[in-house]
Amino acid sequence: MTVGADKGPDSASVFDAIGNAQGDAEMSAPAISRAKALPIWQGEVNPELLSGGLSNINLTVDDGGRRYVVRIGEDEPHLGVFRASEVSSLRAAHAAGVAAEVIYDEPSLIVLGFIPGRALTPNDMHAPEMIAKAAQLIHRLHFEAYKHLENSGAVFWPFHHNRWYVRQLTERGAALDEKWRALLPGLVAENDELEQAIGKTHVVYGHNDINPQNIIIDDEARLWFVDLEYAGFGMDLFDMGVLAMNCNLDQAEDRLLLESYYAAPPDEELSRRFAAAKAIGALREFLWGILSQVSERPIEFDYSVYTEMFIERYRCFLADYRNF
């Protein structure tokens, strides 16, 4: 197996930009007023914008000696985001011990307990102990959270998401840059190729959006998930593939991640399927980035940078899979 030497724009700088992204000032003002008026506070509060994330306006609130995070965001059906599903996923993940507690929710708003710590960076994931801890976190979500769902649970099949994103992009063709429009037919065929390569899979309850910004390491070095907008039943390899792809793990690190998750060294077949999972994760992020460019979003962020990073990353990981 070869490893693409150039994965496009530096991931550390892009994820650092994501970590610093905030709600648009004009669009955030009503959200701040709404958060301030919630009926759960013990006294007067002053919500402040919290950076991080590309889909919600995030705020922090100090009240009664405790700190909270308020996430405000509407459903985004074209991206596959439904807030009622996010709330149920967060409750189940908290019960499984891998996410913050949901304190309060109402349509398009969630109040969570604040986790003191910081988001992981791609560099963090090159430490062997961090790879093992991340694998254990993923495994716990996969096999414990669904037991606490209060409904039937959402389904997330990345290959279908990719086809659906391409269909929407084709319909919005006039708004797309020509270089992206020309790629779409070939991407559908490659998506089908990767789905066939994955073959039969173990269905688990996954996060389905694990970039390093979506894992918090707290003050006691414990890991937690945030942003479970896409959580749902899907394939086991996708979460690990997306994390490995986002952090540019090498072959040895891939093996450690898989061995820590499965409690056994990966064989050649599993390693090849994992290479396909990394490619499909990069393709999904690329398509999400293009669709975000032609959609109104509440966050101040240059989605073209995200898109450029992931098209280069996708090309390299697709080549890695094909050269395996």
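What percent does the relative contact order of the chain come to when contacts are Cα pairs within less than 8 Å and at least six residues apart? Intermediate values should be presented prior to the final figure.
Numbers: 574 pairs, mean separation 78.4, N = 324.
Taking the mean separation of contacting Cα pairs over the length of the chain, I get 24 percent.
Of the residues PHE114, PHE82, PHE159, ranked by 1.4 Å probe accessible area with the largest first, the sequence reads PHE82, PHE114, PHE159.
When the Cα positions of VAL203, ASN246, PRO185 are compared along the charge dipole of the stretch 156-263, PRO185 comes out farthest toward the positive end, with charges on each C-beta of Lys, Arg, Asp and Glu.
For the chain, the longest principal axis of the Cα atoms and the long axis of helix 158-171 meet at an angle of about 80 degrees. Helix-only estimate, please: 222 nm mean residue ellipticity of the chain, summing -39500 (n - 2.57) across DSSP H runs of length 4 or more and dividing by its residues, to the nearest 500. Roughly -15500 deg cm²/dmol at 222 nm, from the helical runs in the chain. Counting only protein heavy atoms and a probe of 1.4 Å, the accessible surface of the chain is 50% carbon and sulfur. Relative to the longest principal axis of the Cα atoms of the chain, the long axis of helix 303-322 lies at roughly 30 degrees. With every protein chain in place and a 1.4 angstrom probe, the accessible-area ranking of CYS316, CYS247, largest first, reads CYS316, CYS247. When the Cα positions of MET235, SER271, LEU318 are compared along the charge dipole of the stretch 217-324, LEU318 comes out farthest toward the positive end, with charges on each C-beta of Lys, Arg, Asp and Glu.
Surface exposure of the stretch 143-288, expressed per residue as accessible area with a 1.4 Å probe, stands at 41 Å². With contacts taken as Cα pairs under 8 Å at a separation of at least 6 residues, the stretch 199-244 carries a relative contact order of 53 percent. Taking all protein chains as they are arranged and a probe of 1.4 Å, the heavy atoms of GLU268 leave approximately 140 Å² accessible to solvent. Computed with a 1.4 Å probe over protein heavy atoms only, the accessible area of THR201 comes to about 40 Å². What you get for the chain, charging only the Cβ of Lys and Arg (+1) and of Asp and Glu (-1), is a dipole of about 500 debye around the Cα centre. Among LYS200, LYS278, LYS147, the largest mean-square fluctuation in a Gaussian network model of the chain (Cα springs under 10 Å) belongs to LYS200. Could you please report the charge total around GLY234, scoring K, R as +1 and D, E as -1 over all other residues with beta-carbon less than 14 angstrom from its beta-carbon? That works out to -3.
The values are calculated or read from the model by the stated rules, or taken from the named source; none is laboratory data. This one's a predicted model, so the numbers in the text were calculated from it and none came from an experiment. Using ideal geometry, Cβ is built from the backbone for each residue, glycine included, and neighbour counts are taken over all protein chains shown. For the accessible areas, the whole protein counts, side chains as well, though only heavy atoms, and no ligand, DNA or RNA atoms are used. Shrake-Rupley method; radii C 1.70, N 1.55, O 1.52, S 1.80 Å.
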